[in-house]
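Chemist: What follows is a structure written as structure tokens; I'll ask about it next.
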Amino acid sequence: MFKATIVLIFANHWLYPIDSLPNYHSANECYNSMQQHLASLPDELIDAGLGVYSMNCEFVPMPRDNPRRS
């Protein structure tokens, strides 16, 4: 599974990291979802100085099942 991480920058001064849950099956799905979310931001926020500092998709391995040994 992949998780998305976007770091937004506001007014060239403040950084805001945002992480998703690892719920994407591929890196392409992850990046497409981030682009759709960013494209839906209101123009007022962008005009006020909101931008994207960085964005990436990171592979997160699923936890292994470890049955308890008695």
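The values are calculated or read from the model by the stated rules, or taken from the named source; none is laboratory data. Here the structure is a predicted model, which is why all the values come from computation and not from measurement. All Cβ positions, glycine included, derive from the backbone under ideal geometry; neighbour counts span all protein chains shown. Quick note on the areas: whole protein, heavy atoms, side chains included, nothing else; ligands and nucleic acids left out. Shrake-Rupley method; radii C 1.70, N 1.55, O 1.52, S 1.80 Å.
Chemist: Filter region 16-36 down to the residues that are crowded, with 16+ Cβ neighbours inside 10 Å and without any contact (Cβ under 8 Å) to a residue 24 or more places away in the chain and list them by number. Show your work before the answer.
Modeler: First, pick out the residues of region 16-36 that are crowded, with 16+ Cβ neighbours inside 10 Å: 20, 22, 24, 30-31, 33-34.
Matches in region 16-36: S20 only.
Chemist: For region 37-56, indicate whether the set of residues that are at pLDDT 95 or above, assigned to a helix (DSSP H, G or I), open to solvent by 90 Å² or more (accessible area, probe 1.4 Å) and not acidic (D, E) is non-empty.
Modeler: no
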